[in-house]
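Engineer: Sharing a structure here in structure tokens format.
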Amino acid sequence: MNANATEAQVRRDLAAAYRLAARRGWDDTVWTHISATVPGYPDRYLINRFGLRFSEITPDNLVTVDVAGRVVDGSGAPVNPSGFAIHGTVHAARADAMCVLHLHTAWGQALAAIPEGLLPCSQPAMRLFRRLGRHAYEGLAFADDEKARIVSALGSLDGLILENHGILTVGRTVGEAFVLMMLIERAAQVQLTAMAATGGRPLCVPDAVAEKTYRQWVGDGSVPEGADEWPALLRSLDD
């Protein structure tokens, strides 16, 4: 996270991420979440008030909770238990995961329902080459032992394919987590369309080429993904 980021800026970015997700049809009525750490409080994060659609989220109606899911801003607002079961667990385990984005998109859920995972058959997929973990479906993610397995599957990676469930990405900024999700969505759409058109045999590049492309893309890793795209995405909300 930008060391100089203020809570107001994080609230603005997080609310924008919700609205951008809604515009893309990524929402699931009142389910799924995008969360962000409160600057200066690594054990607290912002999340959506349960019952609101993504398109209704504003900087002011985001709720502050701790990593155990307790509302700590005095609002008494409702929050979804599964939101902090997954999000609080990841925030607690990954200090660098300033933003955690978990969605139930159609393409993401379709990708999570095939054994092949994300294949290097498109350029966006190569940014995620060997950067996505997998976690088997165990039911609604409430149990403490499953939380530990989610953290283990994520490790230091950029995200998770939650089998038969959806996709999760993490980022050092809200923009990074959001743009990574955009890349997965595009890559999943290309892959699944190509698989349908080729009888399950899409054209993929060799692992060495995929690895080279990933290294070209991220460079030394010092610049968060989305540094270029996020300002443009924010401006699109004014269209």
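The values are calculated or read from the model by the stated rules, or taken from the named source; none is laboratory data. Remember, predicted model here, so these are calculated numbers, not experimental data. Positions of Cβ are generated from backbone atoms using ideal geometry, with glycine treated the same way; all protein chains shown enter the neighbour counts.
Engineer: Every residue in region 115-130 that is buried (at least 16 other Cβ atoms within 10 Å of the Cβ) and among the basic types (Lys, Arg), please.
Structural biologist: Across region 115-130, the qualifying residue is only Arg127.
Engineer: State the number of residues belonging to region 44-92 that are surrounded by fewer than 19 Cβ atoms within 10 Å (Cβ to Cβ) and among the aromatic types (Phe, Trp, Tyr).
Structural biologist: Total satisfying the criteria: 1.
Engineer: To continue, here is another question. Just checking, how many residues over region 39-76 are over 19 Å from the mean Cα position of the chain (by Cα), among the β-branched types (Val, Ile, Thr) and assigned to a strand (DSSP E or B)?
Structural biologist: Here the count works out to 1.
Engineer: Name the residues in region 77-97 that are part of a helix (DSSP H, G or I), small (Gly, Ala, Ser) and more than 14 Å from the chain's Cα centre (by Cα), would you? It would help to see each step written out before you state the result.
Structural biologist: Here is the first cut: in region 77-97, the ones part of a helix (DSSP H, G or I) are 81-93.
Cutting the leftovers down to small (Gly, Ala, Ser) gives us 82-83, 85, 88, 92-93.
Within region 77-97, Ser82, Ala85, Ala92, Ala93 meet the criteria.
Engineer: Sticking with this structure for a sec: Just the residues that are surrounded by 14 or more Cβ atoms within 10 Å (Cβ to Cβ) and either closer than 10 Å to Ile86 by Cα or among the polar types (S, T, N, Q) (or both), please, taken from region 131-153.
Structural biologist: The answer is Ala141, Glu146, Lys147, Ile150, Val151.
Engineer: From (1) modelled with pLDDT under 95; (2) more than 17 Å from the chain's Cα centre (by Cα); (3) more than 13 Å from Asp66 (Cα to Cα), pick out the condition that doesn't hold for Glu7.
Structural biologist: So the condition that Glu7 fails would be (1).
Engineer: Which members of region 222-239 meet the condition of being within 17 Å of Leu183 (Cα to Cα) and assigned to a loop (DSSP other than H, G, I, E, B)?
Structural biologist: Within region 222-239, Val223, Pro224, Glu225, Gly226, Ala227, Asp228 qualify.
Engineer: If you take the residues in region 196-235 that are among the small types (Gly, Ala, Ser) and surrounded by 11 or more Cβ atoms within 10 Å (Cβ to Cβ), which one is nearest to Asp158 (Cα to Cα)? Talk me through it step by step, then tell me what you get.
Structural biologist: Just the residues of region 196-235 that are among the small types (Gly, Ala, Ser), to begin with: 196-197, 199-200, 208, 210, 219, 221-222, 226-227, 232.
From the residues that got through so far, the ones that are surrounded by 11 or more Cβ atoms within 10 Å (Cβ to Cβ) too are 210, 226-227.
On the way: Ala210: 16, Gly226: 13, Ala227: 16 Å.
Among them, the one singled out is Gly226.
Engineer: Could you grab me the full set of residues in region 32-43 that are surrounded by fewer than 16 Cβ atoms within 10 Å (Cβ to Cβ) and not hydroxyl-bearing (Ser, Thr, Tyr)? So that I can check it myself, show each step before the final result.
Structural biologist: Here is the first cut: in region 32-43, the ones surrounded by fewer than 16 Cβ atoms within 10 Å (Cβ to Cβ) are 40-43.
Passing the criteria: Gly40, Pro42, Asp43.
Engineer: I've got another one for you. Could you check, for region 98-114, whether at least one of its residues is buried (at least 21 other Cβ atoms within 10 Å of the Cβ), under 17 Å from Phe178 (Cα atoms) and touching a Lys or Arg at 6+ places or on another chain (Cβ under 6 Å)?
Structural biologist: yes
Engineer: Within the set of pairs 6+ apart or on separate chains, which have a first residue in region 162-180 that is among the basic types (Lys, Arg), a second that is buried (at least 24 other Cβ atoms within 10 Å of the Cβ), and C-beta atoms under 7 Å apart?
Structural biologist: Here the result reads Arg172/Met98, each pair linking region 162-180 to a residue that is buried (at least 24 other Cβ atoms within 10 Å of the Cβ).
Engineer: Another question, if that's okay. As an exercise: evaluate Ala153 against (1) out of contact with any Lys or Arg (no Cβ under 9 Å at 6 or more places or on another chain); (2) closer than 28 Å to Val38 by Cα; (3) without any contact (Cβ under 8 Å) to a residue 24 or more places away in the chain and give the number of the one condition it does not meet.
Structural biologist: Single failed check for Ala153: (1).
Engineer: Right, here's the next one. Among the numbered conditions (1) free of Cβ contacts under 8 Å to residues at least 12 places away in the same chain; (2) more than 26 Å from Leu234 (Cα to Cα), tell me where Ala85 comes up short.
Structural biologist: (1)
Engineer: Go through region 28-74 and report how many residues are touching a residue at least 24 places away in the same chain (Cβ under 8 Å), of a type in the set (Gly, Ala, Ser) and on the phi < 0 side of the Ramachandran plot.
Structural biologist: So the count comes out to 3.
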